[in-house]
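As structure tokens, the structure follows; a few thoughts come after it.
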Amino acid sequence: MQILLTGGAGFIGSHTAIELMAAGHSVVIVDNFVNSSPEAHRRIEEISGQKVPLVEADVADRDAMEALFSEYQFDCVVHFAGLKAVGESVQQPLRYYRNNLDTTLTLCETMQRHGCKCIVFSSSATVYGVPDEVPLREDMFCKGCTNPYGWTKYMIEKILMGVCDADPEWSVVLLRYFNPIGAHESGRIGENPSGIPNNLMPYITRVAAGTLEKLHVFGNDYQTHDGTGVRDYIHVVDLAKGHVKACQYAEGRQGCDIVNLGTGVGYSVLDLVKTFEKVNGIQIPYEISPRRAGDVDACFADPKKAAEVLGWRAEKNLEDMCRDAWNYQKNNPKGY
Ligand code: NAD
Ligand code: WQD
């Protein structure tokens, strides 16, 4: 298949590009580098040993997208492009709604004009909102999100469902990711958050590198086995392989499917810290701090549907995630 990756220079897109090519597909990347670097593209070519066409453009730019779809015939699009920082979305809601919705609308309109009606979308477990029970199943009611970022994912899911309802030729797979961490085992591509990281694993790797002094553990009075928040951490390479299966599933069928991509296993903040220390032989100093607003006790997937529908399940464990995340940080102390 010829597959377009919007936002393909980002954390998850770059790993997915590698796995799609390894499975025999060809990929084209479109990215405006608002949260990534052209160096990611160079490294994708280095790891894969293949040339990957790259278009530097905003996915919301109609002319640029028209030109792209006129040049290539895509069998499927994986739509990663979007802004993703939860806290920033609270500060800059209009920027988040504008970017995430406009990219999707322009992309889908262009796809429709060119008869490409197969899309895999990067949604998020955040659409489940504050869960009544875990594990989370795709058929559970989404009660609403706690921040504008989450609402953009929720709205885009609804938009894509509507597109499918209106035109049964569309094939849509909405992938709800849980907590992607880790990096490619080569240590050449990984996660590059700018500034002080908000997410747990990049924060831990910066503490390990000595760039940050200690980890603040946000609360130890949650209803979990050790009181700290429990999440479903998934290795980014497993996640990338889930996209390969999703593209193969989406091609040549019709309708809309929602699929969780998680491991089904929840680990606490302290489980992650202890595993990181053990695997990498580095102490992570931490202190217990107040809870972070909006955090929930526990969030993890029921991964059965992904196994049944896509034939996919996560294979890597928490040790792999901790080892590979540190390997990337160690080899790339300043990012790309
Ligand atoms: P990322 O920021 O590394 O990648 C997103 C890419 O999209 C970046 O390269 C960025 O430059 C590009 N981009 C953003 N707006 C664009 C635009 N208007 N035009 C062209 N390119 C644009 O993020 P990621 O972690 O790789 O996430 C990929 C997708 O998965 C995002 O949609 C994100 O919301 C979603 N997601 C991520 C997580 C996570 O924890 N990383 C969890 C659930 C869902
Ligand atoms: C994990 C756990 C924190 C940082 C976010 C988004 C979600 C999705 C994935 C995109 C929690 C604790 C964290 C720190 C800590 N992204 N923590 N100290 O919040 O589960 O999910 O990323 O869709 O939408 O909300 O991930 O990595 O921020 O936090 O104690 O410095 O680590 O309280 O229990 P989260 P996270």
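Computed quantities for the displayed model
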| quantity | calculated |
| --- | --- |
| Amide hydrogen neighbours beyond the local backbone of Val230, cut-off 5 Å, H modeled | Ala298, Cys299 |
| Whole-Hz couplings from phi, Karplus 6.51/-1.76/1.60, listed for the range 31-39; x for Gly and Pro | 7, 9, 6, 5, 9, 7, 9, x, 4 |
| Segment Gln112-Gln283, length gained on full extension (0.36 nm per residue, minus Cα span) | 56.3 nm |
| Distance in nm between pseudo-label sites at Val90 and Arg62 (7 Å out along the Cβ direction from Cα) | 3.6 |
| Mean separation of Cα contacts under 8 Å (6+ apart) over length of the range 1-140, as relative contact order % | 25 |
| Distribution of pairwise C-alpha distances over the range 85-188, 10 Å bins, in % | 13, 39, 32, 14, 1 |
| Helix axis angle, 62-71 relative to the chain longest principal axis, alpha carbon, degrees | 70 |
| Acute angle (nearest 10 degrees) that the helix 236-250 long axis makes with the longest principal axis of the chain, alpha-carbon atoms | 30 |
| Where only C-alpha atoms are counted, convex hull volume of the chain per residue in Å³ | 121 |
| Normalised convex hull volume, the range 1-157, alpha-carbon set, Å³ per residue | 121 |
| The range 176-296 shape via C-alpha gyration tensor axes, a/c threshold 1.5 | prolate |
| Segment Thr146-Arg292, length gained on full extension (0.36 nm per residue, minus Cα span) | 51.3 nm |
| Kirkwood hydrodynamic radius over Cα pairs of the range 138-201, then Stokes diffusion coefficient at 25 °C and 0.890 mPa s, in µm²/s | 163 |
| Span per principal axis, largest first, for the Cα atoms of the range 156-237 (Å) | 54, 38, 23 |
| Nearby aspartates and glutamates by direct alpha-carbon distance to Lys278 (threshold 17 angstrom, same-chain neighbours under 8 apart not counted) | Glu319, Asp320, Asp324 |
| Over the range 284-330, volume per residue of the alpha carbon convex hull, in Å³ | 146 |
| The range 157-220: GluC sites (Glu not before Pro) in DSSP coil with no more than 16 other Cβ atoms inside 10 Å | Glu169, Glu185, Glu213 |
| Loop-located chymotrypsin sites (Phe, Trp or Tyr not before Pro) in the range 196-274 whose Cβ has at most 12 other Cβ within 10 Å (DSSP) | none |
| Cα pair distances of the range 193-253 binned at 10 Å [whole percent] | 17, 30, 29, 17, 7, 0 |
| Inverse mean reciprocal Cα-Cα distance (Kirkwood Rh) of the range 246-326, Å | 15.6 |
| Values of log10 I(q)/I(0), in the order q = 0.18, 0.20, 0.22 Å⁻¹, for the range 1-58 under a Debye, Cα-only, solvent-free model | -0.48, -0.60, -0.73 |
| Qualifying trypsin sites (Lys or Arg not before Pro) for the range 232-290 [loop in DSSP, other Cβ within 10 Å: at most 10] | Arg253 |
| Mean separation of Cα contacts under 8 Å (6+ apart) over length of the chain, as relative contact order % | 20 |
| Ile284, Ile234, Ile258 arranged by Cβ crowding within 10 Å, fewest neighbours leading | Ile284, Ile258, Ile234 |
| Selected from Ile204, Tyr72, Ile29, residue furthest toward positive end of dipole (the chain; charges at beta carbon) | Ile204 |
| Kirkwood-based shape ratio for the range 18-103, expressed as Rg/Rh from alpha carbons | 1.00 |
| For Thr275, Thr263, Thr16, order by how many other beta-carbon atoms lie within 10 Å, fewest first | Thr275, Thr263, Thr16 |
| Cβ charges +1 (Lys, Arg) and -1 (Asp, Glu), total dipole of the range 47-116, debye | 220 |
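Every read-out reported here was derived from the displayed coordinates using simple, explicitly stated rules and does not represent laboratory data. Given the structure is predicted, the values throughout are model-derived calculations rather than measurements. All Cβ positions, glycine included, derive from the backbone under ideal geometry; neighbour counts span all protein chains shown.
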